[in-house]
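**Q** Structure incoming, see below.
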Amino acid sequence: MIEVKRSFVLLRILAIFLALAVSCRPSLKGVKDTSSLSDTITPTPTSTTGTPIDPTTWAFTDGSGANGINKDTSKAANYPVLTSFNSKLYAAWYEYDAAVKSQIRISVYNGNDSAPGWSMVDGNGANGINKNTAQYAYYPQLVSFNSKLYITWNEYNGSKQQIRASVYNGNDSAPTWTLVDGNGVNGINKDSTQDATDPQPGVFSSKLYLTWKEFNGGTNGQIRMVVYNGDDSSPTWTFVDGNGVNGINKDSTKDAQFPEVTVFNSKLYCTWVEDNGTTNQIRMAVYNGNDSSPTWTFVDGNGVNGVNHNVLKLANMPHFSVLNSKLYANWREFGTSVSQMRVAVYNGNDGAPSWTFIDGNGLDGLNYDTTKSAFVSQLTVHSGVLYLVWLEINAASNYQVRLSAYNGNDSFPSWSIKDGNGVNGLNKNTANAAGTVRASSFNNKLHVIWDEGGPAQIMEDSAH
């Protein structure tokens with residue numbers, strides 16, 4: 001039983017790669033083309049937003065040694081995330097303890113790039129903030145809401161993965177975290193007898209919303225959505241996804257995963273990946289904003305297919321970002337032979353929605369080397385510039401941290417590499433593979449965090 005649970009994350013990642021392998025078949029060019037540009041147009045590189053970072057200014061803010069900011073550098077750590085709260089930068093991740101149980105860890109940055117330091121604000125002991133430190137916990141997410149810092153994650157309760165949520169007291173000198181999910185054996189799953197994973201919080205209309213994947217009694221993951229009552233003393237979470245056995249999937253008989261929410265045009269949007277019976281599709285929906293009578297409307301064509309560049313190619317892990325009153329989305333999708341970074345912009349019209357590709361609109365996307373596979377990615381905004389950070393395999397088959405800046409011109413889009421523009425990326429040691437990567441703007445600098453090496457270390461870098 002212990003070995004099975006320890007393999008939870010590895011099996012999940014292997015499943016993704018197996019699905020990609022199955023989808024690697026000849027491309028049917030032109031199956032979907034939502035671009036308004038001709039292939040003969042050369043994008044104008046002029047920036048219409050802010051000034052991109054200087055790629056020569058990257059400096060590690062994690063000690064710049066062989067090890068990172070792990071609580072215990074002899075133990076593997078994965079899935080780091082960043083967020084700003086109360087004018088401070090916080091990081092969360094999961095890290096294995098001596099019993100090889102994954103613990104949710106949280107640290108705060110001292111803000112001094114010349115003498116960087118990170119302090120644990122999770123009790124600073126052998127264990128983290130898990131509900132039950134004898135169980136496995138994964139995939140933390142931080143969010144600032146109502147002048148407080150909240151964290152969500154999924155945790156095994158001895159039977160199934162549960163969605164957990166906790167709030168911080170805000171005192172870095174005497175930190176405490178209080179569960180706001182009922183504080184019982186079970187979390188806020190719709191059905192606690194079913195596995196739930198990948199929680200993603202978001203703040204909309206002064207309320208905290210949370211989405212995740214949860215199975216519905218079979219093998220098909222459902223996209224679930226709840227809203228928090230905001231009362232940490234008497235917390236409740238209300239479902240705004242129909243509150244039935246199924247969630248907001250386009251087809252509840254198909255598997256869905258990797259949901260994410262964002263606010264655009266004073267509306268809440270959700271994106272996720274869903275199987276259409278042939279391959280994974282990128283789905284998009286918008287919320288009516290009525291928690292008493294909630295509905296979700298598809299803004300991806302509302303058909304069998306989603307907004308994939310090629311609907312016959314497998315797509316995965318979508319993300320949102322908003323810049324200059326425009327909604328952008330990125331994901332990875334199989335191209336000519338390997339997975340590519342794709343980016344599209346929304347027309348903003350929920351009644352007649354369309355998505356235009358700003359990644360060259362070809363068979364391949366924004367990879368540094370389109371013959372090398374790209375993996376985890378994220379869009380983020382810093383100083384008026386949209387950035388894409390992702391992982392990409394190099395010639396030695398080690399995932400590298402890559403970063404590119406957008407010129408902000410949707411009519412003539414172009415992207416410029418800001419990670420050194422060489423065969424390797426931002427890795428501390430390019431001979432080591434990097435894992436999950438995330439970025440955040442803080443204190444006039446762009447911060448990037450990832451896990452690297454073995455045992456995996458949490459690395460943190462910044463540039464201006």
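**Q** Any chance you could count how many residues in the stretch 94-133 are within 24 Å of residue 464 (Cβ to Cβ) and among the hydrophobic types (A, V, I, L, M, F, W, C)?
**A** So the count comes out to 3.
**Q** Within the set of pairs 6+ apart or on separate chains, which have a first residue in the stretch 422-439 that is more than 9 Å from residue 453 (Cβ to Cβ) and in contact (Cβ under 8 Å) with a residue 12 or more places away in the chain, a second that is part of a loop (DSSP other than H, G, I, E, B) and among the acidic types (Asp, Glu), and C-beta atoms under 6 Å apart?
**A** Correct list of pairs: 425/419; 426/419.
**Q** So which strands (runs of 3 or more DSSP E) are wholly in the stretch 285-380 and hold at least 3 residues that are farther than 15 Å from residue 270 by Cα and within 20 Å of the chain's Cα centre (by Cα)?
**A** Details: elements: 296-298, 315-323, 326-334, 339-346, 355-357.
Strands (runs of 3 or more DSSP E) meeting the threshold: 326-334, 339-346.
**Q** Next up: Can you confirm whether the stretch 224-239 contains a residue that is surrounded by 19 or more Cβ atoms within 10 Å (Cβ to Cβ), within 24 Å of residue 313 (Cβ to Cβ) and in contact with a Ser or Thr (Cβ under 7 Å, 6 or more places away or on another chain)?
**A** No, because not a single residue in the stretch 224-239 is surrounded by 19 or more Cβ atoms within 10 Å (Cβ to Cβ), within 24 Å of residue 313 (Cβ to Cβ) and in contact with a Ser or Thr (Cβ under 7 Å, 6 or more places away or on another chain).
**Q** Residue 66 fails exactly one of the following numbered conditions: (1) touching a residue at least 60 places away in the same chain (Cβ under 8 Å); (2) part of a loop (DSSP other than H, G, I, E, B); (3) buried (at least 16 other Cβ atoms within 10 Å of the Cβ). What is the number of that condition?
**A** Condition not satisfied by residue 66: (3).
**Q** Also, I was wondering about something else. Name the residue, out of 364, 419, 461, that is acidic (Asp, Glu), at pLDDT 95 or above and more than 21 Å from residue 314 (Cα to Cα).
**A** When all the criteria are applied, what remains is 419.
Residue-by-condition table, conditions (1) surrounded by fewer than 16 Cβ atoms within 10 Å (Cβ to Cβ); (2) more than 23 Å from residue 445 (Cα to Cα); (3) not polar (S, T, N, Q):
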{"residue": "113", "(1), (2), (3)": "yes, no, yes"}
{"residue": "129", "(1), (2), (3)": "no, yes, yes"}
{"residue": "153", "(1), (2), (3)": "no, yes, yes"}
{"residue": "158", "(1), (2), (3)": "yes, yes, yes"}
{"residue": "161", "(1), (2), (3)": "no, yes, no"}
{"residue": "164", "(1), (2), (3)": "no, yes, yes"}
{"residue": "184", "(1), (2), (3)": "yes, yes, yes"}
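**Q** Tell me which residues, restricted to the stretch 245-266, are in contact (Cβ under 8 Å) with a residue 40 or more places away in the chain, in contact with a strand residue (DSSP E or B) (Cβ under 7 Å, 6 or more places away or on another chain) and of a type in the set (S, T, N, Q).
**A** Answer for the stretch 245-266, where residues must be in contact (Cβ under 8 Å) with a residue 40 or more places away in the chain, in contact with a strand residue (DSSP E or B) (Cβ under 7 Å, 6 or more places away or on another chain) and of a type in the set (S, T, N, Q): 257, 262.
**Q** Could you say which residue among 51, 56 is touching a residue at least 24 places away in the same chain (Cβ under 8 Å) and of a type outside the set (Asp, Glu)?
**A** From the options 51, 56, the qualifying one is 51.
**Q** Now for a different question. Given 79, 90, 96, which one is touching a Leu at 6+ places or on another chain (Cβ under 8 Å), within 23 Å of residue 401 (Cβ to Cβ) and crowded, with 18+ Cβ neighbours inside 10 Å?
**A** From the options 79, 90, 96, the qualifying one is 90.
**Q** Scan the stretch 351-360 residue by residue and report those that are surrounded by 16 or more Cβ atoms within 10 Å (Cβ to Cβ) and closer than 29 Å to residue 287 by Cβ. Spell out the reasoning first.
**A** If we filter the stretch 351-360 for residues that are surrounded by 16 or more Cβ atoms within 10 Å (Cβ to Cβ), which is where we start, we get 353-360.
Matches in the stretch 351-360: 353, 354, 355, 356, 357, 358, 359.
**Q** Being charged (D, E, K, R) and under 26 Å from residue 60 (Cβ atoms), is that true of even one residue in the stretch 118-127?
**A** Within the stretch 118-127, one or more residues are charged (D, E, K, R) and under 26 Å from residue 60 (Cβ atoms).
The values are calculated or read from the model by the stated rules, or taken from the named source; none is laboratory data. All values reported here derive from a predicted model rather than from experimental measurement. Methodologically, a virtual Cβ is constructed for each residue, glycine included, from the backbone with ideal geometry; neighbour enumeration extends over all protein chains shown.
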